[in-house]
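Below: the structure, in structure tokens.
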Amino acid sequence: MVTMNEHDYKVLYEKLNNPDKKVICPRCGNEIIREKRGNSIAVECKTKGCIYGGVRGI
């Protein structure tokens, strides 16, 4: 499990609300991506095992 801090959450939230904006991971410097997965939206670092989050739909 990844322990995230407030800044990590802010970066993910920024990408979630601005899908076309290029957002950089504060931990590793890779890009944060946003993907629609079924009824959910995932925001995560391209680096496996780094930061991640998302919103689940109904």
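Output the number of residues of segment 24-45 satisfying the condition of being open to solvent by 60 Å² or more (accessible area, probe 1.4 Å) and either touching a helix residue (DSSP H, G or I) at 6+ places or on another chain (Cβ under 9 Å) or β-branched (Val, Ile, Thr) (or both).
3
Could you grab the pairs with beta carbons closer than 8 Å, sequence gap of 6+ or different chains, first residue in segment 24-45 and in a strand (DSSP E or B), second one of a type in the set (A, V, I, L, M) and at pLDDT below 95?
What qualifies is SER40/VAL55; ILE41/VAL55.
If we keep just the residues of segment 1-10 that are open to solvent by 80 Å² or more (accessible area, probe 1.4 Å) and either of a type in the set (Val, Ile, Thr) or closer than 23 Å to GLY57 by Cβ (or both), which is modelled with the lowest pLDDT?
Step by step, filter segment 1-10, then rank; the result is THR3.
Residues of segment 11-23 being part of a helix (DSSP H, G or I) and surrounded by 12 or more Cβ atoms within 10 Å (Cβ to Cβ), which ones?
Step one: of segment 11-23, the residues part of a helix (DSSP H, G or I) are 11-17.
Those that are part of a helix (DSSP H, G or I) and surrounded by 12 or more Cβ atoms within 10 Å (Cβ to Cβ): VAL11, LEU12, TYR13, GLU14, LYS15, LEU16.
The values are calculated or read from the model by the stated rules, or taken from the named source; none is laboratory data. All figures in this text were calculated on a predicted structure; none of them were measured in a lab. With ideal geometry, Cβ positions are generated from the backbone for all residues, glycine too; neighbour counts draw on all protein chains shown. For accessibility, only protein heavy atoms count, side chains too; no ligands or nucleic acids. Shrake-Rupley method; radii C 1.70, N 1.55, O 1.52, S 1.80 Å.
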